Amino acid sequence: AVAAGAGWGATFLTVYGDRRRSNVGELSFRNALRIPELLDPAPSADGRRHYRLTLAPGTSELLPGRRTPTWGANGPYLAPTLRARRGDRVAMTVRNRLPEATTLHWHGMLLPASMDGGPHQMIPTGADWQPSWTVHQSAATLWYHPHPHGSTGSHVYRGVAGMIILDDEHSDRAALPRAYGVDDVPLVIQDKNFHADGTLDLTETKLAETVAGADNLGVLGDTILVNGTYDPYFRVTTRRVRLRLLNGSNARVYWLGFTDDRVFHQVATDAGLLQRPRALHRLLLAPGERAEIVVEFAPGDETVLRGFEPSLHLGFPTERFMGGDDTFDIIALRAAPRLEPSPALPARLDGAPAPVAAPAGARRRHFEFTGLQINGRTMDMGRVDEVVPAGTTEIWEVERGDDWVHVFHVHGAVFHVLDIGGKQPPPYARGPKDTFYLHEFGTARLAVRFDTLTDPRAPYMYHCHVLRHEDEGMMGQFTVVPPGAEDRAPRTVPYGM
Ligand code: C2O
Ligand code: CU
């Protein structure tokens with residue numbers, strides 16, 4: 001059964017008017033996909049695994065024959081893949097050699113807020129930052145990127161972003177492809193615009209030019225890069241390939257599938273493995289979201305991963321889908337004439353995290369995303385918006401109050417989508433998550449688990465992951481305090497001291 005097919009068909013209203021873009025037919029898939037290097041941690045005397053990342057500007061050949069000034073970590077563009085496992089004690093040295101102060105945020109990592117790399121952990125130009133923590137969460141595909149308040153969009157767009165792969169004893173045993181870069185392949189999908197001279201074009205796409213009454217999403221690019229590779233292909237050498245998909249775009253939403261409409265199996269959402277692989281032929285990936293899929297090949301097969309115009313979706317009456325009603329070919333997958341065998345896809349993934357369940361009477365909080373504000377407020381670095389008791393599961397109701405694209409992300413927590421407007425969430429969103437596209441057809445109820453206490457001076461963030469919206473203040477702060485201490489908890493953060 002293909003879950004995305006049954007009962008979920010309906011027609012989108014596109015809101016782009018005549019700004020509908022496509023690169024279909026323009027690519028020849030001639031460049032081998034770059035695979036970000038796996039960063040080997042150095043063991044240190046105290047038993048920690050020590051990763052060193054240097055953020056610096058450089059020059060990249062992103063488009064053939066053109067030089068593009070870019071930013072990256074340990075290289076001119078993007079960043080190495082970090083790999084760690086549950087139980088590891090990790091220590092990072094992040095050296096900021098960029099011309100601007102920045103931060104480095106471990107998106108999806110469950111760790112103390114002071115190590116989180118949010119807007120309170122600024123790294124001045126020339127300085128180093130040395131967070132450390134113990135990995136205590138399930139296997140998952142996470143990522144890392146800058147998070148300085150007001151400049152996240154430009155820092156990510158210039159190229160600072162990398163993937164994090166977490167393993168655990170269950171993922172070790174799961175019969176899933178696991179050879180990095182061979183049959184377990186990171187795909188960091190990003191859209192860019194370039195000036196004629198090859199420099200990155202940071203001009204924001206004003207939706208007002210295309211949609212009456214709508215506003216700014218930030219940069220929407222017409223050139224798709226995968227791991228920084230333009231016009232890419234990947235040579236498949238095994239029967240099954242696991243793709244770790246990351247939407248690292250500033251604003252673009254992708255409705256992903258293959259040009260031959262083949263069925264694939266989703267095996268993980270943002271925060272970990274699914275209990276059972278799920279057959280799909282499309283999945284939605286909003287900025288910041290990850291999905292792991294397993295795709296099966298016959299010898300000599302070729303197919304293209306495409307971001308489709310979302311004309312089929314969700315079974316709700318209409319869905320406006322700004323930022324995703326374009327059609328973009330992303331990468332060709334070409335199978336060799338002879339393929340190595342792969343393990344059969346397991347029916348169950350043992351040890352995958354159980355759904356977050358909210359107890360009866362769980363505390364509810366409501367968040368309405370409208371314009372550039374959440375609940376009518378703009379981010380204030382000195383204000384604590386919510387105080388959450390540790391060790392609880394709450395129901396967070398997140399709602400889109402306008403026609404814009406908004407993507408909810410919460411730090412330091414994992415959630416499951418309970419329902420949207422009273423209906424079951426779409427199949428690809430059923431699993432452990434930390435980022436979620438807000439649909440227009442109703443309030444999404446999320447069961448959110450909060451386990452990590454915060455230092456009251458270092459709150460966690462929740463925000464819109466459309467980076468322009470985040471930079472404009474569509475963000476709030478929360479602390480996690482011992483149960484019973486909520487009323488006494490400070491509602492301000494010492495900031496700017
Ligand atoms: Cu990926 Cu608060 O961010
Ligand atoms: Cu938004």
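Any read-out appearing in this document is the output of simple, stated calculations on the displayed coordinates, not a laboratory observation. As the structure is a computational prediction, the values presented were derived from the model and not from experiment. Neighbour counts run over all protein chains shown; Cβ positions are idealised from the backbone, glycine included.
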(message) Quick check: residue separation of E340 and R363 times 0.36 nm, minus the Cα distance between them. What number comes out in nm?
(response) 3.2 nm
(request) Extending each Cα 7 Å along its Cβ direction at E397 and S44, get the distance between those two points in nm, one decimal. (result) 4.6
(request) Report, in deg cm²/dmol and to the nearest 500, the calculated mean residue ellipticity at 222 nm for the chain, where each DSSP H run with n ≥ 4 adds -39500 (n - 2.57) and the sum is divided by the residue count. (result) -500 deg cm²/dmol
(request) State, as an integer percentage, the relative contact order of the chain based on alpha-carbon contacts under 8 Å between residues 6 or more apart. (result) 17
(request) Indicate, rounded to the nearest 5 percent, the antiparallel portion of the DSSP beta bridges found entirely in the chain. (result) 70
(request) For region 414-472 and region 374-390, write down the distance between their C-alpha centroids in whole Å. (result) 15
(request) Please work out, to two decimal places, the log10 of the ratio I(q)/I(0) at q = 0.07 Å⁻¹ from a Debye calculation in which every Cα of the chain carries one identical scatterer. (result) -0.33
(message) Full-extension gain between R30 and R52, please, as 0.36 nm times their residue separation minus the C-alpha to C-alpha distance.
(response) 4.6 nm
(request) Return the percentage of antiparallel bridges among DSSP beta bridges fully within region 364-481, rounded to the nearest 5 %. (result) 75
